[in-house]
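Reviewing the structure listed below.
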Amino acid sequence: MSNRKGPPGSQPFMKRPDNTAFKQQKLPAWSPTLKAETVLPFFFLSGVACIMIGVLLIITAAGVQEIKVDYTEERDCAECYSLRLDRANSIIDCACTVFFSLSEAFKGDVFMYYGLTNFHQNQRHYMVSRDDAQLVGRQYNLKNPSITCVPFDKYKNGTPIAPCGAIANSIFNDTLQLFYHSDKNTETPVPLLKTDISWFTDRTVKFQNPSPKDNLTAAFAGTARPFYWWKPAYQLSVEENNNGFVNEDLIVWMRQAAFPSFKKLYRQLNRTQEFNDGLPAGNYSVKISYNYPVGKFKGRKSVILSTVSWLGGHSNFLGVAYCASGAIILIVAIILTVVHLKFREKPLGLEEE
């Protein structure tokens, strides 16, 4: 290595690395030579491991109990479906009841979801139509919604909308009540919890009410409800810790789904009294306040009851993905093995003359 120096009369160049094995990259190193005998077994082991994990995930998902009840235009709900096709009828109340039965008990924690199909929450303009600064409770954004909320930011008279944007404006607003029928003459309301259904970080960080938080009527003064809402944000719930921007139904809806067919958590079973062990087998009904119109975009609505496992809900996607990946790896390994056996170099003295 040459000794680099500065101009005559100057000090030697002081940023030169030390002449050590580490800084001169002279330390001994291991540089493995990849051969077919070492690489191919790794491929086979990886493929088998992926398939075993996939099978385990599929078996786990199969243990999750789930029932889906479509109520879009079924039975008593057909009249409500037709009524909601005309926007002028949106102020007319309509209710219906759907009956179903559980052939076996749902043990443990049970969750109620609502499902929608053909609803594209992942559409680009729809996804950005919100004001996160407003949802975190900033006073300036409460009265001056972001331009991303246009045209759901203000009324024609200039009154700002809170919460603004297309996402909040299209919130799912059907009301679902679950009942258990132990016999023909008995109808027992199933106790359901409407809190702790959203992500902890969402309800503690991303969504906060404006000040004063102990008087939401005053906090939201000067704002108006979204176009398609029936009530302002500060009247979403009677519970103080589940009202306004921290209402958990609103928070759950504001987390957009990645696919056009999705389900969102609506309630969870309050395991008390006869429902301490879960939902017993038998007959049930869901009383529905039918408000959400799906006919215009040819969608479907459903109620879903499900248990969970350590993996989550009833979904085979992850298991199938692992199995498919493992199968692809094994196929590649077999092809490489055949190529290696056919075209490998033969030892000296065994070449064909």
For region 257-290 and region 74-101, distance of Cα centres in Å: 20 Å
Fully extended contour minus Cα-Cα distance, from Lys287 to Gln139, at 0.36 nm per residue: 49.4 nm
So how many Å³ per residue does the convex hull of the Cα atoms of the chain work out to? 339 Å³
Let me spell out the model: positive unit charges on the Cβ of Lys and Arg, negative unit charges on the Cβ of Asp and Glu, origin at the Cα centre of region 89-224. What dipole size does that give, in debye rounded to 20? 600 debye
Reach of Lys107 by Cα under 13 Å, taken over aspartates and glutamates that are not fewer than 8 positions away in the same chain: Glu66, Glu274, Asp277
Restricting to Cα pairs below 8 Å that are 6+ residues apart, what does the relative contact order work out to for the chain? Please round to a whole percent. 34 percent
Set of lysines near Lys296 by C-alpha distance (under 22 Å), chain-local residues within fewer than 8 positions excluded: Lys263, Lys264
Multiply the residue separation of Arg300 and Lys15 by 0.36 nm, subtract the distance between their alpha-carbon atoms, and state the gained length in nm to one decimal. 95.6 nm
Nearest-0.05 FRET efficiency for Phe42 and Ala327 at R0 = 25 Å, using Cβ-Cβ distance, is 0.90
Tell me the accessible surface of Val338 in square angstrom (1.4 angstrom probe, heavy atoms of protein chains only), to the nearest ten. 90 Å²
Using only protein heavy atoms and a 1.4 Å probe, report how much of His340 is accessible, in Å² to the nearest 10. 50 Å²
Rolling a 1.4 Å sphere over the protein heavy atoms, what is the accessible area per residue of the chain, to the nearest Å²? 61 Å²
Helix 36-62 vs. the chain, principal-axis angle (Cα, 0 to 90°, nearest 10): 10 degrees
Just to be sure I understand the model, the point goes 7 Å from the Cα along the line to the Cβ. What's the resulting Val339 to Asp70 distance in nm? 4.7 nm
Name the cysteines of the chain that stand alone by the Cβ rule: no other cysteine Cβ under 4.7 angstrom. Cys50, Cys323
Quickly rank 129-142, 95-108, 222-235 as a protection proxy: mean count of other C-beta atoms within 10 Å, highest first. 129-142, 222-235, 95-108
Express the relative contact order of region 69-120 as a whole percentage, based on alpha carbon pairs under 8 Å and six or more residues apart in sequence. 30 percent
Rel. contact order, % - alpha carbon contacts under 8 angstrom, at least six apart, region 178-285: 38 percent
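The values are calculated or read from the model by the stated rules, or taken from the named source; none is laboratory data. Note that the structure is a prediction, hence the values are computed from the model and not measured. Virtual Cβ from ideal backbone geometry, glycine too; neighbours counted across all protein chains shown. Only protein heavy atoms, including side chains, enter the accessible area calculation; ligands, DNA and RNA are left aside. Shrake-Rupley method; radii C 1.70, N 1.55, O 1.52, S 1.80 Å.
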